[in-house]
Amino acid sequence: MRQKKLFIALLATMLLSVPVIVLGIKASGEQEQVQSASAKSLEISFNYQRQAGPGSNQYAVWIGNEKGEVVKTLFVTSYTTKGRTRPGEEPVRGYVKRPACVPTWVKASKAQEQTDQQLDAFTGATPQTDGTQTFTWDFTDQQGKAVPKGTYTVNIEATLIFDSDIIYSGTFSTKDKAGAIALTSTITKEDESHKNMVTNVKAVLK
């Protein structure tokens, strides 16, 4: 009788441990699902070196769709959208006074159709010192609404000096997992003396 009671007690202990094992397997499965989930944001960064003289130090960072339309501008330097007004002069946007100022962004964003208030939402001062510039996209459009699942492009355009303009771009999907995006660059005109304005450009899904 005593042995029978011991057997029953042992069997009960084993049965009680089964849910713990099952829960452990479930937790492990959930962890694997989290690790394989799609990225939630995109981080863009580059090293910036301020250049001497006019006609330089302008850049824009934006996300585009497959049609080439701007989904969201993350940043554009203030001279591009505001210009520089001197006493007695009427305000003129920088890209109007200097058409070579990040021209690809100007055209794609239809900047001429946007109000000053709309442009102000993503306009920022040109950095006065060298250093890493970082921008984050949270998969929303200019109005803050989540974008549809699909393929997008990340674009970084820098006007190195007057008509020397370089663009870094890469394509990715909102379904992609975390990792670096391959970027390619095109330049309108080589300029050795200003080539280090924007370097080490990276775009990483996180």
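The values are calculated or read from the model by the stated rules, or taken from the named source; none is laboratory data. Being a predicted model, the structure only gives us computed values, none of them experimental. No Cβ is skipped: glycine too gets one built from the backbone with ideal geometry, and neighbour counts run over all protein chains shown. These area figures cover heavy atoms from the full protein model, side chains too; ligands, DNA and RNA do not enter into them. Shrake-Rupley method; radii C 1.70, N 1.55, O 1.52, S 1.80 Å.
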Residues of region 143-182 with backbone N under 15 Å of the label point set 7 Å from the Cα of Lys195 along Cα→Cβ are 160-161, 164-167
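In whole percent, how big is the carbon plus sulfur part of the accessible area of region 112-183, probe 1.4 Å, protein atoms only? Intermediate results must be reported in sequence, preceding the final value.
Working: 1920 of 3920 Å².
For region 112-183, the apolar C and S fraction of the accessible surface comes to 49 percent.
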If we sort 127-138, 89-100 on the protection proxy, mean other Cβ atoms within 10 Å, highest first, what's the order?
89-100, 127-138
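Using the per-residue mean of other Cβ atoms lying within 10 Å as a proxy for protection, in what order, highest first, do the peptides 57-69, 140-152, 185-197 fall?
Details: 57-69: 19.3, 140-152: 12.2, 185-197: 14.5.
The most tightly packed comes first, giving 57-69, 185-197, 140-152.
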Given a 1.4 Å probe, how much area per residue of region 134-206 is accessible, in Å²?
54 Å²
Of Lys110/Lys195; Lys40/Lys110; Lys67/Lys110; Lys40/Lys107, which sit over 23 Å apart, Cα to Cα?
Lys110/Lys195; Lys40/Lys110; Lys40/Lys107
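At 1.4 Å probe size, with every protein chain present, just tell me what the per residue accessible area of region 56-122 comes to in Å². Kindly include the intermediate steps, with their values, before the conclusion.
Details: 3600 Å² over 67 residues.
For region 56-122, the per-residue accessible area is 54 Å².
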Expressed in nm to one decimal, what extension gain is obtained for the pair Gln117 and Val92 from 0.36 nm per residue of sequence separation less their Cα-Cα distance?
7.5 nm
If you average the alpha carbon positions of region 155-204 and of region 63-90, how far apart do those two centres end up, in angstrom?
17 Å
